[in-house]
There are 2 protein chains.
Amino acid sequence: MNLEKQVEQFKSLQETLSAYHIAGSLINWDMSTGGSKKGMGYRAKAIGIFTMKAFEIQTSDEMKTCLDVIGSRLEDVDEVIKRMYVLHKKEYDKNMKIPKDEARAYAELQAKSQIIWEEAKEAQDYSMFKDILGEIIEYQKKFVNYRGFEGHPYNPLLDDYEEGMTVEILDEYFENLKKHIVPLLKEITATELPYNTSFLTNSFPVDKQKEFCIKLMGDLGFDYDAGEVKESVHPFTNGLNVNDVRLTVRYFENLMTSSVFSAAHEGGHAIYEQNIDPKFEFTGLDTGVSSGIHESQSRTYENIICRSKAFWNYYYPTLKTFFPDELSEVTVEDFYAGINKVENSFIRVEADELTYSLHIIIRYEIEKAIMSGEVTVDNLPTLWNEKVKEYLDLDVPNDELGVLQDVHWSFGLFGYFPTYSIGSAYASQFAYYLKEAVNFDEDLEKGNYENVNNWLKEHIHQYGSLKTPEQLMIEATGKRFDSKYYVEYLTNKYKSLYNL
Amino acid sequence: MNLEKQVEQFKSLQETLSAYHIAGSLINWDMSTGGSKKGMGYRAKAIGIFTMKAFEIQTSDEMKTCLDVIGSRLEDVDEVIKRMYVLHKKEYDKNMKIPKDEARAYAELQAKSQIIWEEAKEAQDYSMFKDILGEIIEYQKKFVNYRGFEGHPYNPLLDDYEEGMTVEILDEYFENLKKHIVPLLKEITATELPYNTSFLTNSFPVDKQKEFCIKLMGDLGFDYDAGEVKESVHPFTNGLNVNDVRLTVRYFENLMTSSVFSAAHEGGHAIYEQNIDPKFEFTGLDTGVSSGIHESQSRTYENIICRSKAFWNYYYPTLKTFFPDELSEVTVEDFYAGINKVENSFIRVEADELTYSLHIIIRYEIEKAIMSGEVTVDNLPTLWNEKVKEYLDLDVPNDELGVLQDVHWSFGLFGYFPTYSIGSAYASQFAYYLKEAVNFDEDLEKGNYENVNNWLKEHIHQYGSLKTPEQLMIEATGKRFDSKYYVEYLTNKYKSLYNL
């Protein structure tokens, strides 16, 4: 077998897959950002065709030959081909182990399930959703068994979104987090913030919010010549290519800070994608390596940078030029306290930085129990409500504010939630070493984000998917992933803010 | 061979081709309407991949088997499959007859050529463009010979853009046109319009122009829930799907009427695409059947409807609400005269309704001479300038205003120009019978476009590409294509306007 020829073929298959990815993402972007209303049907059909064609390539005889030949000669190919091989081999094996008719039946179930979840959530009635959720779970359990796994049956699902992640690592991580955050939270909720944060729910004109967010993202490093910003109900970032990264923000007139931090968050995702080395274009490596690493970058911009005191010491006067009347009585200290205010709440996506991970722990523990069979769909709401009481000290009034709040399970997304919390923890570990390398606070006090961006680009962004999350972490920080950085960051920040 | 199975396979191949068309069009749309500047490279590459994948399907063994089996059983398939067969068979035969390496070399030449044409045009120097144009022409001649043809060697190229069109038909058409238009034009240019048309080059705020054009297109029948309008330097319409038709308009502050009629023109193209029966989605028949028929619909909305007196008798007060100051001194009679003013000019795209076809005759006669070998690239500018003198009585001052003005030849688009003129002629023939069926002037005087739209939809739009241009014409008007309707329309309109 000619290795060179197979490498060329392998690249060519990937280029077609990249083109399908671009097409699917672009159609999706249109669908989510106000493309023609009546065009929903044709868009879904076209996306279906691209998904099917991509699956055909991923499971084709040509792909198998490429993987066989390249797999037997890994020492003779460069690091890009080697990494492409690892990712495709994993995908190929996974796809081949799941019988095609079951994969199809599952896909149909997913499509139905999301609609049923919406109806159930609207009706605040989990019982409407229970049966189809049970079916989805049964498929996931079957698929996991087809695929095979080491250790806990939840492991292959964790690995789907965070390469190398296991129950063993996460148990330790979440236990340590719980041990420190739950008591810290009790202290905080017993304390009154010595600032006036009533401005948070005041009215701020939406068009001014937009102007400000556009400026903010540009200042942080988003390149408007290599991307686009629109508005949508659920903010998201869509990386078509390193030179075309699109994101959306949503604006609330009476929750200006929410708009600002959704912009900083998506801006962070987008800057990551824009900073990937263009040499990875059309190799499939031209995107963030994992959900956790991606989230670490959005959280770096949103929290580490934009929820810091140093940042607003410089940037608050700018914000005031957009809202001179609205903020005339609000000091920068009030503002900083407001955007970091801690509050127990029911809804994950509205949670502050401190309680956020508690929302994730609840989901992690439940998903783990689902996969091990320790909980059935009948008991989910009860288990959910118990955990909310335990960690957040709240009584869940209905399923909409409880077990039905997130869309994820309705399309079988088990194993994804933990990446939200890991992302913040990664961000803290990166930030610790970032702050050793650059004068972080001083730079932010001067409105200089270049050194920070360069460090992130050099150690994380540029690589796209070339390195695993673990490699990135070890090479950037010299250490494996360790929860202590996150615990330390949260403890210092909130003890200082609440004078504890 | 199982016919049913082959029909299913055939439909499935077409669905993939349709998905590729959607992807390519969408990427193109982004490219032309302000998508990320730095993303030009990846877009070109992705479009290249889709073009190549489409070519692979069109020339695949699977396609050949489909065509063989369906072609032998045409009496047993429905009209949609039959028509799809005819169109694919034509494409397949054409592709198979041209050697792949020559097709590739030609594509590379096209890419280079366009850049050279731009530079030559900029420098007003045809000699820079001559050599590569000569190469393009040689390829076209070779390809025509590979493909084979009846009658004139220009015929297969004409048929590429207007199914069934031949030199025999066009010679007769353009001769008749010349016979009547050239003397009419002489009479007109010797006459002074008895109206004040100085408003044409006054300043009209662009944002008001936009608002007006959006309203106008909506009133004419463009469905904003099934499409989108943006701005671009060269206006165009992009039919992704019957439920997603996008168009652009360009606005000139000092040429408001140009903006308005570019909107009406593209609006006409778009309404055609939106009115196609949705049952043709993903069959490849869900688009206008030919360039000529498409142009007939854009010209119907632009000229037959929007350059009529009846239209402005109703709509002019609306226009005045957008420009109360700018139009305060302009009567509806002045306005009507202004938008129909005849003037000999060098540039085709700026030509009025009457002289427009003379610009096309020049190109038609030259292209015909190129294909028959009666003219060489060396003589093109001389021939061009002679014909401009003969038909438009103008002395061409440089190549930019002469032989270099259009992009078409730089990518080998020979045979396309005639469809611009045929489109107007088709429009006149349709209009003659449309006006027998509905109270055209009365409806327009009331701002009612429903009956007109319904007639066009019923006789033309709904069919997409199901019927040939000739079938559409005969079924809608009971007659074959005949230049007399166009001559009559132009003669009546301009004699009346100029009091001749």
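The values are calculated or read from the model by the stated rules, or taken from the named source; none is laboratory data. Quick caveat: nothing in here was measured; it's all calculated off a predicted structure. Note that each Cβ is placed from the backbone with ideal geometry, even for glycine, and that neighbours are counted across all protein chains shown. The accessibility values were calculated without ligands, DNA or RNA, using every heavy atom of the protein model including side chains. Shrake-Rupley method; radii C 1.70, N 1.55, O 1.52, S 1.80 Å.
Miscellaneous remarks
- Inside the range A:374-386, residues that are assigned to a helix (DSSP H, G or I) and more than 17 Å from A:Tyr126 (Cα to Cα) make up a count of 0.
- Selected residue (only one of B:Asn241, B:Asn202 is in contact (Cβ under 8 Å) with a residue 60 or more places away in the chain and within 14 Å of another protein chain (Cβ to nearest Cβ)): B:Asn241
- Residue in the range A:163-185 that is in a helix (DSSP H, G or I), in contact with a Lys or Arg (Cβ under 7 Å, 6 or more places away or on another chain) and open to solvent by 30 Å² or more (accessible area, probe 1.4 Å) present: no
- Checked against (1) closer than 30 Å to B:Ile181 by Cα; (2) touching a residue at least 60 places away in the same chain (Cβ under 8 Å); (3) assigned to a loop (DSSP other than H, G, I, E, B), B:Glu326 meets all criteria but (1).
- Residue count, the range A:187-199 (criterion: free of Cβ contacts under 8 Å to residues at least 12 places away in the same chain and among the charged types (D, E, K, R)): 1
- Qualifying positions in the range B:37-71 - hydroxyl-bearing (Ser, Thr, Tyr) and in contact (Cβ under 8 Å) with a residue 24 or more places away in the chain: B:Thr51, B:Thr59, B:Ser60, B:Thr65
- Just one of (1) within 14 Å of another protein chain (Cβ to nearest Cβ); (2) under 26 Å from the mean Cα position of the chain (by Cα); (3) among the hydroxyl-bearing types (Ser, Thr, Tyr) fails for A:Tyr42. It is (2).
- The residue list A:Glu91, A:Glu79 contains one member that is open to solvent by 80 Å² or more (accessible area, probe 1.4 Å) and on the phi < 0 side of the Ramachandran plot, which is A:Glu79.
- A Cβ distance below 9 Å, combined with a sequence gap of six or more or placement on separate chains, defines the contacts here; from the range B:217-228, residues that are facing another protein chain (nearest Cβ under 8 Å) and within 10 Å of B:Arg246 (Cα to Cα) reach residues that are part of a loop (DSSP other than H, G, I, E, B) and modelled with pLDDT of 95 or more in the pairs B:Ala226/B:Val242; B:Ala226/B:Asn243; B:Gly227/B:Asn243.
- Residue ID - surrounded by the fewest Cβ atoms within 10 Å (Cβ to Cβ), chosen from residues in the range B:398-420 that are in contact with a Lys or Arg (Cβ under 9 Å, 6 or more places away or on another chain) and under 18 Å from B:Val487 (Cα atoms): B:Tyr420
- Sole exception among (1) away from every other protein chain (no Cβ under 14 Å); (2) in contact with an Asp or Glu (Cβ under 7 Å, 6 or more places away or on another chain) for A:Lys64, by number: (2)
- Taken over the range B:126-156, the residue count meeting the criterion of being open to solvent by 50 Å² or more (accessible area, probe 1.4 Å) and in a loop (DSSP other than H, G, I, E, B) is 3.
- Only a single item in (1) modelled with pLDDT of 95 or more; (2) within 14 Å of chain B (Cβ to nearest Cβ); (3) buried (at least 16 other Cβ atoms within 10 Å of the Cβ) is not met by A:Met84, and it is number (2).
- Scope the range B:353-373; condition modelled with pLDDT under 95 and either outside any helix (DSSP H, G or I) or not assigned by TED's automatic domain parsing to the domain that holds B:Glu175 (or both); matching residues: none
- Among the residues examined, B:Ser72 does not qualify as surrounded by fewer than 19 Cβ atoms within 10 Å (Cβ to Cβ), closer than 30 Å to A:Met40 by Cβ and outside the structural domain of B:Asn243 (by TED's automatic domain parsing).
- Some residue of the range A:278-297 being crowded, with 20+ Cβ neighbours inside 10 Å, in contact with a Lys or Arg (Cβ under 8 Å, 6 or more places away or on another chain), modelled with pLDDT of 95 or more and closer than 19 Å to A:Tyr195 by Cβ: no
- Number of the condition not met by A:Gly34 [criteria: (1) touching an Asp or Glu at 6+ places or on another chain (Cβ under 9 Å); (2) in contact (Cβ under 8 Å) with a residue 40 or more places away in the chain; (3) within 14 Å of another protein chain (Cβ to nearest Cβ); (4) more than 29 Å from A:Val249 (Cβ to Cβ)]: (4)
- Restricting the range B:329-340 to residues that are part of a helix (DSSP H, G or I) and among the hydrophobic types (A, V, I, L, M, F, W, C), the residue that is nearest to the chain's Cα centre (by Cα) is B:Ile339.
- Members of the range B:193-225 found to be open to solvent by 40 Å² or more (accessible area, probe 1.4 Å) and of a type in the set (S, T, N, Q), listed by number: B:Asn196, B:Ser198, B:Thr201, B:Asn202, B:Ser203
- Candidates A:Ala264, A:Ala270 - the one that is crowded, with 18+ Cβ neighbours inside 10 Å, closer than 20 Å to A:Val452 by Cα and within 14 Å of another protein chain (Cβ to nearest Cβ): A:Ala270
- Test for A:Tyr301: is it more than 14 Å from chain B (Cβ to nearest Cβ), surrounded by fewer than 23 Cβ atoms within 10 Å (Cβ to Cβ) and either touching a His at 6+ places or on another chain (Cβ under 9 Å) or within 20 Å of A:Asp441 (Cα to Cα) (or both): no
- Taken over the range B:366-379, the criterion of being buried (at least 18 other Cβ atoms within 10 Å of the Cβ) and touching a residue at least 12 places away in the same chain (Cβ under 8 Å) is satisfied by B:Ile366, B:Glu367, B:Lys368, B:Ile370, B:Met371, B:Val377.
- The one condition from (1) modelled with pLDDT of 95 or more; (2) open to solvent by 40 Å² or more (accessible area, probe 1.4 Å); (3) among the charged types (D, E, K, R); (4) not in a helix (DSSP H, G or I) that B:Glu343 does not meet is (1).
- Filtered residue count, the range B:1-31, keeping only those that are within 10 Å of another protein chain (Cβ to nearest Cβ), within 25 Å of the chain's Cα centre (by Cα) and among the polar types (S, T, N, Q): 1
- Single residue of the range B:244-261 satisfying the filter (within 14 Å of chain A (Cβ to nearest Cβ) and charged (D, E, K, R)) that is farthest from A:Gly41 (Cα to Cα): B:Arg246
- Test result for A:Phe50, open to solvent by 30 Å² or more (accessible area, probe 1.4 Å), within 14 Å of chain B (Cβ to nearest Cβ) and either within 25 Å of the chain's Cα centre (by Cα) or over 23 Å from A:Glu163 (Cα atoms) (or both): no
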